[in-house]
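Accompanying notes for the structure given below.
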Amino acid sequence: DTGVSQNPRHKITKRGQNVTFRCDPISEHNRLYWYRQTLGQGPEFLTYFQNEAQLEKSRLLSDRFSAERPKGSFSTLEIQRTEQGDSAMYLCASSSTREFAYEQYFGPGTRLTVT
Amino acid sequence: QQPVQSPQAVILREGEDAVINCSSSKALYSVHWYRQKHGEAPVFLMILLKGGEQKGHEKISASFNEKKQQSSLYLTASQLSYSGTYFCGTEGYNQGGKLIFGQGTELSVKP
């Protein structure tokens with residue numbers, strides 16, 4: 001059973017550019033979560049999907065952020081017109097509602113640096 | 001809404017014990033514990049559910065006091081590999097599994 005994978009692992013971009021990250025969850029996990037983590041802080045919830053449906057989006061998330069999960073498999077997170085404040089580690093996690101306890105397993109993350 | 005962890009940091013010698021606490025002001029359905037090493041992703045340790053169900057993957061124990069909305073993680077006979085930052089993630093009712101994380105507890109185990 002392979003774990004959660006994320007690509008790319010690192011991304012350096014100039015302010016104003018668009019970036020897209022990909023997350024491949026553990027196979028058969030129907031829930032997928034995106035979190036953002038800055039240095040010295042715990043992960044902060046951004047959004048989550050159950051199958052292909054996006055069920056919640058953080059109020060802290062600006063309209064520049066969008067996420068998709070077509071066909072309920074992998075997910076993409078896009079940030080448009082990046083700002084320096086977007087620099088962070090973007091983490092993806094997945095879980096299964098078919099298990100009694102919904103343990104979330106994290107991927108290695110994508111570290112974004114906006115210059 | 002963010003749970004409060006204590007202590008913020010702790011230094012141990014190998015073989016010593018430690019307790020990390022996580023307290024929430026909201027009613028909780030579950031508490032998840034993770035350990036994160038520098039530059040790596042959080043690694044799942046333990047989940048505690050309302051009603052006392054407990055699961056884990058390592059020889060680390062935890063408790064969940066539903067009335068006080070508090071959870072504690074117990075690390076006994078610490079090893080060098082236990083070093084890292086420990087986070088609790090709390091889940092409220094009908095939240096779809098969304099976790100709200102504490103600010104973390106940095107644990108250093110010295111030889």
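The values are calculated or read from the model by the stated rules, or taken from the named source; none is laboratory data. All values derive from a computational prediction rather than experimental measurement. When we count neighbours, we look across all protein chains shown, and the Cβ atoms used for this are built from the backbone with ideal geometry, even at glycine. What goes into the accessible areas is simple: the full protein's heavy atoms, side chains included, and nothing from ligands, DNA or RNA. Shrake-Rupley method; radii C 1.70, N 1.55, O 1.52, S 1.80 Å.
Computed with the Debye formula from one identical point scatterer per Cα of the protein assembly as shown, without solvent, the log10 of I(q)/I(0) at q = 0.09, 0.10, 0.14 Å⁻¹ comes to -0.36, -0.45, -0.87.
A Gaussian network model of chain A, with springs between Cα atoms under 10 Å, assigns the largest mean-square fluctuation among A:Q80, A:Q41, A:Q54 to A:Q41. Shown for the range A:36-81 is the translational diffusion coefficient from the Stokes-Einstein equation, using the Kirkwood radius over Cα pairs, a temperature of 20 °C and a viscosity of 1.002 mPa s: 185 µm²/s.
Within the straight-line cut-off of under 17 Å between alpha carbons, the lysines reachable from B:K26 are B:K50, B:K67, B:K68, B:K98, sequence neighbours fewer than 8 places apart in one chain being disregarded.
Using the average count of surrounding beta-carbon atoms within 10 Å as a protection proxy, the listed peptides A:10-17, B:33-40 rank, highest first, as B:33-40, A:10-17. By the rule of a C-alpha distance below 15 Å, with chain neighbours fewer than 8 residues away ignored, the aspartates and glutamates paired with B:K110 are B:E14, B:E16, B:D17. Both radii were evaluated on the Cα set of chain B; the Rg over Rh quotient, with Rh as the Kirkwood radius, amounts to 0.96. With kT/(6 pi eta Rh) evaluated at 10 °C and eta = 1.306 mPa s, and Rh the Kirkwood radius from Cα pairs, chain A diffuses with a coefficient of 112 µm²/s according to Stokes-Einstein. Residues in chain B average 49 Å² of solvent-accessible surface per residue, probe 1.4 Å, ligands and nucleic acids excluded.
Shielding by partners for A:37-43, please: the mean number of other protein chain Cβ atoms within 10 Å of each residue's Cβ.
6
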